[in-house]
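Supplied in structure tokens, the structure appears directly below.
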Amino acid sequence: NAGVTQTPKFHILKIGQSMTLQCTQDMNHNYMYWYRQDPGMGLKLIYYSVGAGITDKGEVPNGYNVSRSTTEDFPLRLELAAPSQTSVYFCASKGGGGANVLTFGAGSRLTVL
Amino acid sequence: DQQVKQNSPSLSVQEGRISILNCDYTNSMFDYFLWYKKYPAEGPTFLISISSIKDKNEDGRFTVFLNKSAKHLSLHIVPSQPGDSAVYFCAASPFGGTTDSWGKLQFGAGTQVVVTP
């Protein structure tokens, strides 16, 4: 039972490069989220999805794009990477019903140099 | 604009004693609160939650208290164990409204707890 799987765990990008962080979940959850955590700060929501084909912006969406073609996968794309995007990125998912409990992946640490 | 604040970045406590973690929030629309625990190189894992219709929720060694008038909640861990050494995040969301908003959590910056033998 894998839960939420993120790849890669670590990556170094050069300024201006692009890359995609992968996220997949095997719990058949409709809701999926991307958060970023900067040092000494709480997690901030980048994008979220309430189901396949439906995505929406969170609190800090600039510089990122997402897609949700399947229930399982929710990739996060960084276009024209900037040093400000150096962060740890967490993908999370949530089932339906009344709980707000998110299941998080282990994170992807991204450095932009 | 930090809507959820954890003003103590770190806490050191002896094994067997009580750990008390504090969290303050500013948005009166928040009515559901969660605590997450995070070990290094892992994602946050859910610990305990409380809705605004309650002022206390208990789960084993963990108890969360909510004071709505003060916009303050706290997490008590009794007794503290070495395995409790981790970063604890307080999070909040508006539980009402559409279900689509329920997972959009506002997080505090976290409190690093170290439990010493």
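Grab the strands (runs of 3 or more DSSP E) fully contained in the range A:16-113, keeping just those with 1 or more residues being closer than 22 Å to B:Gln3 by Cα.
Values: elements: A:19-25, A:31-37, A:43-51, A:54-57, A:64-66, A:76-78, A:87-94, A:108-112.
Once the strands (runs of 3 or more DSSP E) in the range A:16-113 are filtered for at least 1 residues that are closer than 22 Å to B:Gln3 by Cα, what remains is A:31-37, A:43-51, A:54-57, A:87-94.
Give the residues of the range B:12-31 that are surrounded by fewer than 18 Cβ atoms within 10 Å (Cβ to Cβ) and of a type in the set (A, V, I, L, M, F, W, C), sorted by residue number.
Answer for the range B:12-31, where residues must be surrounded by fewer than 18 Cβ atoms within 10 Å (Cβ to Cβ) and of a type in the set (A, V, I, L, M, F, W, C): B:Ile18, B:Ile20, B:Met29.
Still on this structure: Among the numbered criteria (1) surrounded by 15 or more Cβ atoms within 10 Å (Cβ to Cβ); (2) touching a residue at least 40 places away in the same chain (Cβ under 8 Å); (3) within 11 Å of chain B (Cβ to nearest Cβ), which one does A:Lys44 miss?
The number of the failed condition is (2).
For A:Arg36, only one of the following conditions fails: (1) touching a helix residue (DSSP H, G or I) at 6+ places or on another chain (Cβ under 7 Å); (2) within 16 Å of B:Tyr36 (Cα to Cα). What is its number?
(1)
Answer yes or no as to whether A:Pro75 is closer than 11 Å to A:Thr20 by Cβ and touching a residue at least 40 places away in the same chain (Cβ under 8 Å). Walk me through it before giving the result.
Working: closer than 11 Å to A:Thr20 by Cβ: yes; touching a residue at least 40 places away in the same chain (Cβ under 8 Å): yes.
For A:Pro75, the condition - closer than 11 Å to A:Thr20 by Cβ and touching a residue at least 40 places away in the same chain (Cβ under 8 Å) - is met.
On to the next question. Is there a residue in the range B:32-53 that is farther than 23 Å from A:Cys91 by Cβ, more than 14 Å from chain A (Cβ to nearest Cβ) and either open to solvent by less than 20 Å² (accessible area, probe 1.4 Å) or touching a helix residue (DSSP H, G or I) at 6+ places or on another chain (Cβ under 9 Å) (or both)?
Filtering the range B:32-53 down to residues farther than 23 Å from A:Cys91 by Cβ leaves B:50-53.
Then keep just the ones that are more than 14 Å from chain A (Cβ to nearest Cβ); that gives none.
The answer is no; no qualifying residue exists.
Here's a check for you: in the range A:55-108, which residue that is within 9 Å of chain B (Cβ to nearest Cβ) and farther than 16 Å from A:Asn30 by Cα is surrounded by the fewest Cβ atoms within 10 Å (Cβ to Cβ)? Break it down into steps so the answer makes sense when it comes.
Within the range A:55-108, the subset within 9 Å of chain B (Cβ to nearest Cβ) is A:56, A:58-59, A:90-94, A:96-107.
Next cut, farther than 16 Å from A:Asn30 by Cα only: A:58-59, A:90, A:106-107.
Values: A:Gly58: 17, A:Glu59: 14, A:Phe90: 25, A:Ala106: 18, A:Gly107: 23.
Taking the candidates together, the pick is A:Glu59.
In the range B:62-88, which residues are within 19 Å of B:Arg17 (Cβ to Cβ), open to solvent by 60 Å² or more (accessible area, probe 1.4 Å) and without any contact (Cβ under 8 Å) to a residue 24 or more places away in the chain?
Within the range B:62-88, B:Phe65 is the sole residue that qualifies.
The values are calculated or read from the model by the stated rules, or taken from the named source; none is laboratory data. These figures come from a predicted structure and were not determined experimentally. Every residue, glycine as well, gets a Cβ built from its backbone with ideal geometry; the counts of neighbours run over all protein chains shown. In case anyone asks, the SASA skips ligands and DNA or RNA and just uses the protein heavy atoms, side chains included. Shrake-Rupley method; radii C 1.70, N 1.55, O 1.52, S 1.80 Å.
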